[in-house]
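Asker: Input: one structure, supplied below.
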Amino acid sequence: MKELIHKLTDIFSPSGYEDAIRGVIRAEIKEFADEIRVDALGNLIARKGKGGTRVMVAAHMDEIGLMTTHVDDKGFVRFTGIGGVYPRNLPGGRVRFVNGTRGVIGLDGGVFSNDLPPLEKMFIDVGASSKDDCPVKTGDVAAFERPFLDLGNRVVAKSMDDRIGCAVAIESLRTLKSTSNEVYFVFTAQEEVGTRGAQTSAYGIDPDLGFSIDVTGWGDTPGQRDFDVALGKGPAIKIRDGGMLSDPRIVDWMISMAEKKKIPYQREVLLGGTTDARAMQLVRGGIPVGCVSVPCRYVHSPSEMIDYNDVQNAVKLTTTLLRAPIELPFAGK
Amino acid sequence: MPNKTPTISAPQFKLLEKLCRAVGVSGGEGEVRKIVLDEIKSSVDEVKVDALGNVLATKKGRGAKRLRVMLDAHMDEVGFMLVADDGEGLYRFKIIGGIDPRNLAGKQVVVGKEHFPGVIGAKPIHHTTPEERKKPLAEDALRIDLGPESKIKVGERGTFAPNFQRVGPSLMSKALDNRLGIATLIEFLKVSYPNVDLCAAFTVQEEIGLRGAKVAAQYFRPDLAIVIDATPANDLPMQFEGENIFYNTKLGLGPALYVSNSSAIDDPRLVCFIQDIAQKAKIPYQIRQPGGGGTNAGGIQRTVVGVPVVSISVPHRYTHSPISVARIDDWKNMPALLHAAISQITPALLKR
């Protein structure tokens, strides 16, 4: 599965520009899904099973990135963020544009200051010396470039958020030989700019219940406080985050299934941030939702770290949840 | 092929002037709506006014496999609502939409259905101290002065006084945002496009949160949507040292095509398509700098099962102020570009 994670995190597909990653995922799941379609916003929707409880499982394909706002006379590229891009994570980093151009991020005035400049005071140097020889133009899109790193139990890459969720969903779909439910694996678009793809795909699918598979933060490095989730202690079952309260019935269901199968898990109470589950919860007449989280250090940096055991246990938990008939009071039938 | 080309000439300038002189502050778009209905009724297949006040008109094509193309332009403009009567014809007010309070003092306004004239007054220079003059006057410190015989009631809306004029290559008026778009969209309904069903949405309440467009898109359920609006040009050189890198758009470079803003990432397929069309037809255009701001694209994109969107705007200086400035050529190139795009659009464009 590490190979799959490597493959997925090597793709450059910021929000709204998911063509490349969609193509890769589509090829990975083609043989395992009963039906595959792409909707108007570019969400990739794979159905498995027919006729049971309708479950939507969302993992977002997009990643945070940068968009060109201006190329100046000397060929330096000014940019704005796509999604939650933290200025602290940028200087000295490398980026790759969807058109293949590469560059490094510099600061106005150089690094000899303790002030952290905003994005407006940074630029991408693509090696051009004038506007005319710059291969980038206003509106062009880039993402972080940083090589995949296998540290054994821990794995590091750009865009673990949320290619790791995509990997868990792909692996779950492959492992799930059959299901008593009607499961829709949705590889969503534009999560990082406001859970936009999940909103329209959930409307189209109209599921009985659903959950997202996404990364969550971490509380186990120096100076981190008030967050009881650590790498290596299992996937986290979300109870709340900054945008959503998981349906308690979903939380209970997930916990009871994890305990029954002796899958390690953690209880997640996240104060900021949210996932596709928020958008799913609020479409149409409302949908009971939850989230299976993969703990991830250094989220929204070019080097996001996950624990490989957590990933494998997330697959176990996901397949366990989806295999047997989901017969809950809220199953919508 | 379409039966004619939408163009901007004398009748359109007259229509734009009429639209700009109308008052249509968000939630009170009736005056603009009436002009729109009169203009389009003889040229569309169906028209209705929905519960929120959007004008929703359909003009069907004739060919097979027609795309449903929604064209949106918002009818409303920024302005004020009177919130308290202080007596003697003086009223407290609240801004509707985004107006910089520094643009308020000393301006002529009109209030109510009859365009009752008023003034937003300020203490004269004779009675202010140098310290006072350094600070901008806040909304709360200002009053709309309608005189003692106005009969205007709390809750009525107003905006900056009509002031449309053509000056050389320029248009100057309040509410160019978005009467330029309304005038453009009206012209499209006079043309028949065999390849598409045109779904024209003249929408309400854009300035206060893209509200009308959301319900309009739910009604039409289009295959794609093009949002026609006006966008700020922040291209004055004297504001900056060195190269201006935050201009948003510049006057005179043509219609501004959006790539991304706070409300939506424009569909890359539509952005590429329109750029290709513009380059082939040699119609000037510019890319509006990605960044903040919002258009009805954000309201439309996430309705129902999702809609591919793109926004195109006429650049204009001094947006949301008592008077803004646009170039006639930028406006003329807007229908030219949209016409070229719409007449060549096919379902293959949306294939994945």
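The values are calculated or read from the model by the stated rules, or taken from the named source; none is laboratory data. Values in this document were obtained by computation on a predicted structure and should not be read as measured data. Neighbour counts are summed over all protein chains in view; Cβ atoms, including those assigned to glycine, are modelled from backbone coordinates with ideal geometry. Each accessible area value is taken on the protein alone, full model and side chains, heavy atoms only, with ligands, DNA and RNA left out. Shrake-Rupley method; radii C 1.70, N 1.55, O 1.52, S 1.80 Å.
Asker: With θ taken as phi - 60° and the coefficients 6.51, -1.76 and 1.60, list the Karplus ³J(HN,Hα) couplings across the range A:56-63 in order, rounded to whole Hz; mark glycine and proline as x.
Answerer: Karplus-based 3J(HN,Hα) across the range A:56-63 equals 9, 10, 10, 10, 8, 8, 6, 9 Hz.
Asker: Can you pull the accessible area of A:Ile205 for me, 1.4 Å probe, Å² to the nearest 10?
Answerer: 0
Asker: Compute the angle between helix A:196-205 and the longest alpha-carbon principal axis of chain A, please, reported from 0 to 90 degrees and rounded to the nearest 10.
Answerer: 30
Asker: Using the alpha-carbon atoms, what tilt in degrees (0 to 90, nearest 10) does helix B:268-281 show relative to the longest principal axis of chain B?
Answerer: 80
Asker: If you take the accessible area of B alone, add that of A alone, and subtract the area of the pair, what total do you get in Å², probe 1.4 Å, to the nearest 100?
Answerer: Counting both chains, the buried surface is close to 2200 Å².
Asker: What is the magnitude of the charge dipole of the range A:1-157 about its Cα centre, with +1 placed on the Cβ of each Lys and Arg, -1 on the Cβ of each Asp and Glu, and no other charges, expressed in debye to the nearest 20?
Answerer: Computed about the Cα centre, the dipole is about 540 debye.
Asker: While we're on this one: Which value, in Å², gives the accessible area per residue of the range B:79-160 when a 1.4 Å probe is used on the protein heavy atoms?
Answerer: It amounts to 62 Å² per residue over the range B:79-160.
Asker: List the trypsin sites (Lys or Arg not before Pro) within the range B:26-134 that fall in a DSSP loop (any state other than H, G, I, E or B) and whose Cβ has at most 15 other Cβ atoms within 10 Å.
Answerer: B:Lys41, B:Arg62, B:Lys65, B:Lys113
Asker: Compute the relative contact order of the range B:79-160 as a whole-number percentage, counting only Cα pairs closer than 8 Å that sit 6 or more residues apart in sequence.
Answerer: Over the range B:79-160, the number comes to 46 percent.
Asker: Under a point spin-label approximation (7 Å from Cα along Cα-to-Cβ), what is the B:Arg102-A:Lys261 distance to one decimal in nm?
Answerer: So the label points at B:Arg102 and A:Lys261 sit 6.0 nm apart.
Asker: Tell me which residues come under 5 Å, amide H to amide H, from A:Thr138 once H is placed; ignore anything under 5 positions away on its chain.
Answerer: Here A:Val71 satisfy the definition.
Asker: Taking the Cα centre of the range B:79-160 as origin, work out the dipole magnitude from +1 charges on Lys and Arg Cβ and -1 charges on Asp and Glu Cβ, in debye rounded to 20.
Answerer: I would put it at about 220 debye.
Asker: Between Rg and the Kirkwood Rh of the range B:79-160, both from Cα atoms, what is the Rg to Rh ratio?
Answerer: 0.97
Asker: Note the angle between two axes, namely the Cα long axis of helix B:328-344 and the longest principal axis of the Cα atoms of chain B, as a number of degrees from 0 to 90, rounded to the nearest 10.
Answerer: 30
Asker: In vacuo Debye scattering of the range B:1-86, one point per C-alpha: log10 I(q)/I(0) at q = 0.12, 0.26 Å⁻¹?
Answerer: Listed by q, the Debye log ratios stand at -0.49, -1.44.
Asker: A follow-up question, please. Report, in deg cm²/dmol and to the nearest 500, the calculated mean residue ellipticity at 222 nm for chain B, where each DSSP H run with n ≥ 4 adds -39500 (n - 2.57) and the sum is divided by the residue count.
Answerer: It comes out at -7500 deg cm²/dmol, rounded to the nearest 500.
Asker: Given points 7 Å out from each Cα along the Cα-Cβ axis, report the A:Gln312 to B:Lys94 separation in nanometres with one decimal.
Answerer: So the label points at A:Gln312 and B:Lys94 sit 5.9 nm apart.
Asker: Using a 1.4 Å probe over the heavy atoms of the protein chains, calculate the carbon and sulfur portion of the accessible area of the protein assembly as shown as a whole percent.
Answerer: The C+S portion of the solvent-accessible surface of the protein assembly as shown is 51 percent.
Asker: Counting Lys and Arg as +1 and Asp and Glu as -1, each charge on the Cβ, what is the dipole of the protein assembly as shown about the Cα centre in debye, to the nearest 20?
Answerer: 1460
Asker: Continuing with the same structure: Lysines near B:Lys135 by alpha-carbon distance under 23 Å, same-chain residues fewer than 8 away left out - which ones?
Answerer: Reachable lysines: B:Lys94, B:Lys107, B:Lys123.
Asker: Normalised by the number of residues in chain A, what is the relative contact order in percent for Cα pairs under 8 Å and 6+ residues apart?
Answerer: 23
Asker: Excluding residues on the same chain fewer than 8 positions from A:Lys158, give the lysines whose Cα lies under 30 Å from its Cα.
Answerer: A:Lys2, A:Lys7, A:Lys30, A:Lys48, A:Lys74, A:Lys121, A:Lys131, A:Lys137, A:Lys233, A:Lys238, A:Lys316, B:Lys351
Asker: What relative contact order, as a whole-number percentage, does chain B give when Cα pairs under 8 Å and 6 or more residues apart are counted?
Answerer: This gives 24 percent for chain B.
Asker: Please state the equivalent ellipsoid semi-axes for the range B:215-317: what are the square roots of 5 times the Cα gyration tensor eigenvalues, largest first, in whole Å?
Answerer: Equivalent ellipsoid semi-axes, largest first: 26, 16, 10 Å.
Asker: A:Leu149 to B:Glu241: FRET efficiency via 1/(1 + (r/R0)^6), r the Cβ-Cβ distance, R0 56 Å, to the nearest 0.05?
Answerer: Here the calculated transfer efficiency is 0.85.
Asker: Over chain A, average the accessible area per residue using a 1.4 Å probe and give it in Å², no decimals.
Answerer: 39
Asker: Just need the Rg to Rh number for chain A, please, alpha carbons only, Kirkwood Rh.
Answerer: That ratio is 0.99, to two decimals.
Asker: Not counting ligands, DNA or RNA, and with a 1.4 Å probe, what is B:His115's accessible surface area in Å² rounded to the nearest 10?
Answerer: About 50 Å², rounded to the nearest 10.
Asker: Looking at the protein assembly as shown from every direction and averaging, what is the projected area of its Cα convex hull in nm²?
Answerer: For the protein assembly as shown, the mean projected area of the Cα convex hull comes to 34.1 nm².
Asker: Regarding the range B:1-158, what is the average projected area of its C-alpha convex hull, in nm²?
Answerer: 13.5
Asker: Which residues, if any, in the range A:190-230 lose at least 40 square angstrom of accessible heavy-atom surface (probe 1.4 Å) when the other protein chains sit next to their chain rather than the chain being alone?
Answerer: The answer is A:Arg196, A:Thr200, A:Tyr203 - residues whose exposure falls by at least 40 Å² when every protein chain is included.
Asker: Hey, can you grab everything whose amide H is under 5 Å from the amide H of A:Arg146? Only 5+ residues off in sequence or another chain; H modelled, so Pro and N-termini drop out.
Answerer: A:Lys158
Asker: Under a point spin-label approximation (7 Å from Cα along Cα-to-Cβ), what is the B:Val83-A:Phe112 distance to one decimal in nm?
Answerer: Once both label points are built, they end up 5.1 nm from each other.
Asker: Could you tell me what fraction of 2.2 N^0.38 Å the Cα radius of gyration of chain B comes to, as a two-decimal ratio?
Answerer: Expressed relative to 2.2 N^0.38 Å, the Cα Rg reads 1.01.
Asker: Using a Förster radius of 41 Å, what is the FRET efficiency between A:Gln224 and B:Leu52 based on their Cβ-Cβ separation? Nearest 0.05, please.
Answerer: Once the sixth-power term is evaluated, E becomes 0.30.
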